[in-house]
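Values in this text are rule-based calculations from the coordinates and carry no lab data. Note that the structure is a prediction, hence the values are computed from the model and not measured. Cβ sites come from the backbone with ideal geometry, for glycine too, and all protein chains shown count toward neighbours.
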Amino acid sequence: MNKCYQCKKIQYIAAALLGAAALSGCGDSSEDEKELAAFSVSVSSFNDYIQGVDEQINSLDVTRQESAGELLVILDDMNAKFAEFSLIQAPDQYESVPGLAKRASEDMALAVSYYHTAYESETFDANYADAAYQCYSNSMKAVKYIGFLLMGEDIPEDDNVTVYEIPNDEHILDRWLSGGDEDAGDSETASE
């Protein structure tokens, strides 16, 4: 639960998206611009929350017995925020973000449940704590991947993550209609 470099990346992209949405907000806004603006605000708020909660967790004094209870309260709040973020509506160019957000929420819910079991048992249960940490790490990995998508970077290959991309090709219909040739006109000329 260390400070993550990806949170700063998410903050920068959220600021850029929010700035773009604000600048495009002059005059009549299209539905796409409104959707992008709402998405930007959601991402920015979630990023701010993640940074704040990271500071809270890292500032806990592990030598105090009360810290376990404080951690559980923080994790319960994280579970609620992740569940809320999992409902995000994303513009087409970020269509993989909602799936990753949902996955992050599911993993966070498991992590919180396991942490409660580990700390609220009569004796501390290290097996549940290990499982909780793994689920927490998986959740944060999904958040990191969201950051990669927002930054336009490639996501490292992972057996557990599938990302769908929309090709950015304005001439795709021409290719489909011509049978997949790059330039149907050139192939006809070459065959003469």
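In this label model, Met151 and Glu66 are separated by 3.8 nm, measuring between points 7 Å along each Cα→Cβ vector. The translational diffusion coefficient of region 31-139, from Stokes-Einstein at 20 °C and 1.002 mPa s with a Kirkwood hydrodynamic radius over alpha carbon pairs, comes to 143 µm²/s.
Label region 94-154 by shape, choosing from rounded, prolate and oblate, from the square roots a ≥ b ≥ c of the eigenvalues of the Cα gyration tensor; if a/c is under 1.5 it is rounded, and otherwise prolate applies when a/b is larger than b/c, oblate when it is not. Since a/c reaches 1.5 and a/b is larger than b/c, the shape of region 94-154 is classed as prolate.
Taking a Cβ cut-off of under 11 Å around Ser137, the surrounding Lys, Arg, Asp and Glu residues balance to a net charge of 0, with basic ones at +1 and acidic ones at -1.
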